[in-house]
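So the structure is just underneath, and the comments pick up after that.
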Amino acid sequence: MNEPLLHPDGNLPPGEQPALIDALRRLLVPLARLAVSRGVTHATVDEMLRAAFVDVAHAAYPQLLEHRRVSRISAATGINRREVTRLTDARQRRAEPARSYPSEAFARWSTHSEYLDAEGRPRVLPRLGVAPSFETLAQSVTRDMHPRSLLEELMRLGLAEHNADADTVSLRREAFVPRGDEARMVGFMGDNLGDHFSAAVDNVLAVGREHFEQAIYADGLSDRSLAELRELVTQHWRTMTSELVPRIEKMIAADDAAGIGSTLGPGNRMRIGLFSYQVAADEPDAPPAATTARKPARRTRRREGDAT
């Protein structure tokens with residue numbers, strides 16, 4: 001293994017340690033802010049952090065006998081052997097996350113040409129009937145949930161609206177943000193940030209997998225410029241999703257036809273995202289040790305392989 005986390009003494013080379021600690025501090029501050037705001041205690045997060053350490057170390061030593069693996073994990077993580085055994089047993093009982101049919105329906109409705117008008121916006125669909133209708137849309141996503149139930153869920157999330165007089169259905173927002181359903185919102189956050197963080201770690205550790213990860217940074221911007229940039233980012237995201245989603249689904253269909261999931265194995269997964277973040281230039285968004293000296297305002301930098 002060439003990952004620094006698993007060095008026998010549990011430490012990184014001295015020259016790398018300060019930069020790593022500084023980066024970890026910046027990552028932990030938003031985590032602490034979220035936990036404190038929702039009443040999640042340090043003990044809960046500490047338990048999860050211990051479990052994550054054990055998971056990673058457990059996967060690093062697949063060939064060792066179990067009793068030797070426990071000792072090796074304990075040495076690599078600094079967690080005592082009894083705790084390692086307890087956490088190893090607990091990891092076998094975790095449930096796999098369920099599919100989100102509303103998000104899949106939303107993505108298909110807002111990107112597939114048959115459900116878009118001439119201007120590329122989601123059509124108002126008849127609730128029942130031949131394609132394009134909400135009924136056929138729902139059935140293209142899943143046969144496990146009745147179209148009526150899927151519509152009710154989209155309406156509960158505030159994402160769709162049913163016109164009873166015309167018996168038509170329309171989307172209410174142009175971004176899938178299920179307000180009023182915090183469980184799903186934090187689920188999206190965990191999925192998106194988890195994969196982004198994993199990509200960044202892979203790139204830093206040079207484990208043989210390269211991920212596309214770039215960012216543009218600018219400061220010295222007015223409120224008016226920020227509003228203009230937000231609209232520009234939104235437009236680019238619409239273009240990306242309208243082009244990528246149908247092409248990805250065609251690739252999946254072609255792979256299925258070629259035997260992915262049977263003779264060729266389960267295949268691979270990929271997540272593609274785009275985000276923006278803005279804050280006042282004088283507002284602290286990290287502890288003092290994590291900040292750097294300010295350069296003159298009104299600069300723009302495009303940094304290769306940089307996660308923001």
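If you bin all the Cα-Cα distances of segment 30-82 at 10 Å, starting from zero, the percentages per bin are 24, 40, 22, 13, 1.
Across segment 117-158, how large is the tail of the calculated P(r) beyond 14 Å, expressed as a percent of all Cα pairs? Before the final figure, lay out the partial values.
Details: 446 of 861 pairs.
Tail of P(r) above 14 Å: 52 percent of Cα pairs.
Distance between the pseudo-spin-label points of Arg121 and Arg209 (7 Å out from Cα toward the beta carbon): 4.0 nm. Taken per residue, the accessible surface of segment 60-152 reaches 62 Å², heavy atoms only and a 1.4 Å probe. Summing charges over neighbours of Pro126, with a neighbour being any other residue whose Cβ is under 10 Å away from its Cβ, gives 0 when K and R count +1 and D and E count -1.
Could you work out what % of the accessible surface of segment 38-114 is carbon and sulfur, using a 1.4 angstrom probe and leaving DNA, RNA and ligands out of the count? Mind showing how you got there, number by number?
Numbers: 2700 of 4960 Å².
On segment 38-114, the fraction of accessible area on carbon and sulfur atoms equals 55 percent.
Accessible area per residue for segment 212-253, computed on protein heavy atoms with a 1.4 Å probe, is 77 Å².
Please find the FRET efficiency linking Met240 to Ala23, where r is the Cβ-Cβ separation and R0 is fixed at 35 Å, and quote it to the nearest 0.05. Display every interim value, and only then the final one.
Numbers: r = 28 Å, r/R0 = 0.81.
For R0 = 35 Å, the calculated efficiency reads 0.80.
Taking all protein chains as shown and a probe of 1.4 angstrom, Ile248 keeps an accessible surface of around 70 Å².
The values are calculated or read from the model by the stated rules, or taken from the named source; none is laboratory data. From a predicted model like this one, the values you see are computed outputs, not experimental measurements. For neighbour counting, all protein chains shown are included, and Cβ atoms are generated from backbone atoms with ideal geometry for every residue, glycine included. Quick note on the areas: whole protein, heavy atoms, side chains included, nothing else; ligands and nucleic acids left out. Shrake-Rupley method; radii C 1.70, N 1.55, O 1.52, S 1.80 Å.
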